[in-house]
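Input: a single structure, listed below in structure tokens.
The values are calculated or read from the model by the stated rules, or taken from the named source; none is laboratory data. Note that this is a predicted model, so its numbers are computed, not measured. Here Cβ is always computed from backbone atoms with ideal geometry, including for glycine, and neighbour counts include all displayed protein chains.
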Amino acid sequence: MSVIGIGAVVTQLSSCAPMIVFKGEVQRKKISVPFSAFTEFNNMLIVRNDQLSFDILLIKKLDGTFTALEMKCSHQDNPLTANKTGLFCASHGSSFDFDGKVLKEPALLPIRKYNVEIENLAIQIIL
Amino acid sequence: MRYKLLFLGAFIGISSIKAQILTKEDSLAAGIISRNTATVISGYGSVKYKYDVNRKLAEANVDRVILFVGHKFNNKISFFSEIEVEDAKVAGGEAGGEIALEQAFIKFNLTKNAYLSAGLFIPRIGIINENHLPTTFNGNDRPFVERFIIPATWREIGLGLFGSTNKIPGLNYSIGLVNGLNSEEFQSGRGIRDGRYEGRDANASALAVTGSLLYYIKNFRIQASAYYGGSAGLSDLDSDTLKLSNGPFGTPVLFYEANVQYTNKGFSFKGLFTSVQIADAEKINNAYGNNIPETIMGYYAEVGFNLLSLSKKTEKNLTVFARYENLDMNNKLSPNGIVDKSKNSAYFVGGISFLPIKGVIVKADYVLQQTGAQNPNLLGTTDPNFKKEKGFFSLGVGYSF
């Protein structure tokens, strides 16, 4: 039974598509992410820039809107990890939904949500 | 002169405002992305009333109050510390009470999703070791498997690398190199708990390595971790005299655990299994007169349901839970070990946890503890008042901010 269990976990691991990391430039306090950065296989990607201390998770919702969340835990500023069900802090167990709202403590505050605009066939994340 | 004094006072005032301690709300709500320094204060604690159903006696205790102080030097380097007071008071000569550092380390952000901790830190082993705030677990007492087998809160001095990989979303890892244990202090029925140094005068001639993989997939949180370390940082002379192997990994302790958590729509499940292997238990017993087994095993499973999750109008949480724990402290004895089944325990824990707001919790639970019989051949360990079955009712409050 334990061999079957481990095999199932390995299958799950290998079938998870890697998270796309988009390296964006900061211009006029915005990062521009083209629509084409999203593929038919992913509805979220990581936006990265060296000027930022933490990555941004950009999510394309079912209604076509976008949410940009800072991947920093509001408990003790540790980096968050994301999968298809939410954002998680491996350090102390906090979890957040895709609106940045706390689902599980010890974090008490929501994570930072950036305003986004649509302009020139791109998502503009306003820093 | 008066205007000079006013100007000086204003300058001091403004400087003081810039240097003031920021709460988490200040630093987050301000939407700051460029401020490089911040000092944060937070903490947690719990108090409980406990009634012994058999002895018909009660006690009340401030289990712990912890103060966290952290400082961000810049976007790459931070300092974290936690100081703990257990049992409210430490008075010279009196038993009980403890003031201790739980953490004191410098954190170096290496990449966007990896950081290095250097100092006194908590390795990723088990659930409670890192996730020990009272608002994050059910029951007034931390799970007994994670007190007496995984000796949470277990912290040592060393280096820890923590990170995640984007190649497999949800996968986190940790690797640690810390000082080892002190097998002279291992006690029967308490596993390796008393062999921890916890940052005080640690013998770093014995070393330990730890590692973990933690994976978030769908509604599951799955973790496996291991520890391998020496427990006899002795000189060559003492090693020969006591007949214990020394060196960084001499008289080794092997520790492993696996746990899984599942959360969905108010329902929660936790399961954990752990084992400690002390291959040289016989030699340790010969050297120090302990009664240490070669293998210790434990596991627990808990289910809970948040009754208020049925309502979408509240963020309050009222969870009813039930947990079963099994601690086999004599799983495999050494050739010179003496069985003491009174140290083996099964716990049935049931209760409720109520969070009226995030950060505050009220707990009520009943613990039924069942142990094995005492061994009359163990001199000095038999208690005429010993009972194989004990019941405790506890009521407590906890907080974290």
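Observations on the structure shown:
- Screening B:I77, B:I125 for residues that are under 15 Å from the mean Cα position of the chain (by Cα) and not charged (D, E, K, R) leaves exactly one candidate, B:I125.
- Looking across the stretch A:56-79, just one residue is part of a loop (DSSP other than H, G, I, E, B), among the acidic types (D, E) and within 13 Å of chain B (Cβ to nearest Cβ), and that is A:D77.
- Of the criteria (1) within 9 Å of chain B (Cβ to nearest Cβ); (2) closer than 30 Å to B:I125 by Cβ, which one A:L127 fails: (2)
- Tally of residues being within 23 Å of B:A114 (Cα to Cα) and within 10 Å of another protein chain (Cβ to nearest Cβ) across the stretch A:27-55: 11
- Among the residues listed as A:R28, A:R48, the single one being more than 27 Å from B:S174 (Cα to Cα) and without any contact (Cβ under 8 Å) to a residue 40 or more places away in the chain: A:R28
- Candidate set: the stretch A:86-108, residues that are in a strand (DSSP E or B) and either within 15 Å of B:R221 (Cα to Cα) or touching a helix residue (DSSP H, G or I) at 6+ places or on another chain (Cβ under 9 Å) (or both); chosen: the one farthest from the other protein chains (Cβ to nearest Cβ): A:F96
- Restricting attention to the stretch B:259-293, the residues that are in a loop (DSSP other than H, G, I, E, B), surrounded by fewer than 19 Cβ atoms within 10 Å (Cβ to Cβ) and at pLDDT 95 or above add up to 1.
- From B:S334, B:S394, residue being assigned to a loop (DSSP other than H, G, I, E, B) and hydroxyl-bearing (S, T, Y): B:S334
- Consider the stretch A:89-107 and keep the residues that are out of contact with any strand residue (DSSP E or B) (no Cβ under 6 Å at 6 or more places or on another chain) and surrounded by fewer than 19 Cβ atoms within 10 Å (Cβ to Cβ). The one that is farthest from B:S268 (Cα to Cα) is A:D99.
- Flag for B:D194 being surrounded by fewer than 18 Cβ atoms within 10 Å (Cβ to Cβ) and farther than 23 Å from B:I296 by Cα: no
- Search result, residues across the stretch B:153-173 that are within 11 Å of chain A (Cβ to nearest Cβ), buried (at least 23 other Cβ atoms within 10 Å of the Cβ) and either part of a strand (DSSP E or B) or of a type in the set (D, E) (or both): B:F162, B:S164, B:N172
- Criterion: more than 24 Å from B:S275 (Cα to Cα) and either surrounded by 24 or more Cβ atoms within 10 Å (Cβ to Cβ) or under 9 Å from the mean Cα position of the chain (by Cα) (or both) - qualifying residue of B:N131, B:N140, B:N113: B:N140
- Exactly one residue out of B:I150, B:I127 is in contact (Cβ under 8 Å) with a residue 40 or more places away in the chain, within 13 Å of chain A (Cβ to nearest Cβ), assigned to a loop (DSSP other than H, G, I, E, B) and not acidic (D, E): that is B:I127.
- For B:E185, the test of being crowded, with 17+ Cβ neighbours inside 10 Å and either closer than 28 Å to B:S46 by Cβ or at pLDDT below 95 (or both) is failed.
- Among (1) more than 14 Å from every other protein chain (Cβ to nearest Cβ); (2) part of a strand (DSSP E or B); (3) not small (G, A, S), the one test that B:T251 misses: (2)
- Top-ranked residue of the stretch B:86-104 - restricted to ones that are surrounded by fewer than 13 Cβ atoms within 10 Å (Cβ to Cβ) and among the hydrophobic types (A, V, I, L, M, F, W, C), ranked as nearest to B:V69 (Cα to Cα): B:I99
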